[in-house]
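Student: Quick one: this structure, given as structure tokens, is what I'll be asking you about.
We did not get these values from a lab; they are worked out from the coordinates using the rules stated. Keep in mind that what you see is a predicted model, and the values were worked out from it rather than measured. Quick reminder, even Gly has a Cβ in these numbers, built from the backbone with ideal geometry, and neighbours come from all protein chains shown.
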Amino acid sequence: MTAAPAPAAAPTVPGPRRGRRARSGVSEATRRQQARLGVLLVAPAVVLMSVFLVFPVLNAVYYVFVDFDGLDTTPPFVGLDNFTELARDRDMWAAAWNNVIWIVLGTIGPLVLGLAMALLLWGVRRGSTFYRVVFFLPYVLPQVAVGVVWGWIYAPTRGWLNRGLEAVGLGGLARGWLGDPHTALYAVLGTAIWTATGFVFVIVLAALRNVAAELVDAAMLDGASYLQRLRYVVLPQIMPVFLMVTALTLIGGFAVFDIVFVMTGGGPANATEVLGTYAYSNAFQLSRISYGTTLALVVTALAVPVAVWLNRLQRRASTEGLGA
């Protein structure tokens, strides 16, 4: 006689939990306390950002659609007239072209020079601190002081540059560098490149110190030339840092103002006028606050997409494991 099968065990029903637990093992009450603490800690930064960033931007957007001269408390609404005038403004397009020249040369120049200097001093250990301080010093100096000193260097009669050219027999090249419309922009740009090169040099040199030396030695044993080692071994490892420096230098080309304003004020004959100085002259010298604000917003609208694009390239290089 076969035994009757044992009855199936009743499924166990879990009893009520005394405290609801999150996946991380932290109670819901603790998570709420952490959230309140986070809000409390972030609140001062949010207030500061709202006062000094969000409100000015919203205020600038308001000025774009009115005709504000700095005095009228109820400026008339003009809609898109400021943008229409901007599109037809030949002086604005000339200033924008100067900005393009500044962005291209003012970005390539410091990057190439800074990278070359960093590669030359890569293996130097003795005196490296001295070199870093000397080359980085122009970047931390006030731009007003830099502009004034280089204005003396470019002076037509007593300037050090013309005197140096005459001393080596190249007096025919001497001229008023800041007074000649054909050379003024490049003279000011040369000063800006001299200032920014030290920053690129210091950052890139620090990245080069973290390059895997065994990979460089292996490439050398495989017969790779210096340029091949630089392209396929060194640059990929410092690419995130190099892109960060590129972004900072390039964005500075969009927002350039102080060095041009101090050295030439946009002259002669608007030869060095850039969008920053042109917006300033319209807003504060001609009392055209709305038009100057429109120009400033255009500069911002052009710079932000470029910054976002370079930031994405940097993050992609970092996630691919190419960073130093």
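Student: Please arrange Val61, Val245, Val188, Val216 by counting, for each residue, the other beta carbons lying within 10 Å of its beta carbon, fewest first.
Tutor: So the residues, fewest neighbours to most, are Val61, Val216, Val245, Val188.
Student: Express the C-alpha Rg of the range 172-324 as a ratio against the empirical globular expectation 2.2 N^0.38 Å, rounded to two decimals.
Tutor: Taking the Cα Rg and dividing by 2.2 N^0.38 Å, one obtains 1.39.
Student: Please identify, among Trp122, Trp194, Trp177, the residue showing maximal mean-square fluctuation in a Gaussian network model of the chain using a 10 angstrom Cα cutoff.
Tutor: Trp122
Student: Which of Tyr186, Tyr62 comes first, and how do the rest follow, when ranked by fewest Cβ neighbours within 10 Å?
Tutor: Arranged by neighbour count, lowest to highest, Tyr186, Tyr62 become Tyr62, Tyr186.
Student: Next question. Under a plain spin-label model, where a point goes 7 Å from the Cα along Cα-to-Cβ, how far apart in nm are Glu85 and Arg312?
Tutor: 3.6
Student: Something else about it: For q values of 0.09, 0.13, 0.14 Å⁻¹, compute log₁₀ I(q)/I(0) with the Debye formula on a Cα-only model of the chain, without solvent.
Tutor: So the normalised log intensities work out to -0.71, -1.13, -1.21.
Student: Based on Cβ point charges of +1 for Lys and Arg and -1 for Asp and Glu, what charge dipole magnitude is obtained for the range 91-319 about its Cα centre, in debye rounded to the nearest 20?
Tutor: 420
Student: For a quick check: sort Met244, Met49 by the number of other beta carbons within 10 angstrom, fewest at the front.
Tutor: In order of increasing Cβ crowding within 10 Å: Met49, Met244.
Student: Amide H to amide H, which residues 5 or more places from Val66 or on other chains are under 5 Å from it, using H placed in the peptide plane?
Tutor: Those lying under 5 Å, H to H, from Val66 are Val78.
Student: Principal axes first, then extents: for the Cα atoms of the range 211-300, list largest minus smallest coordinate on each axis, whole Å, largest first.
Tutor: 67, 25, 15
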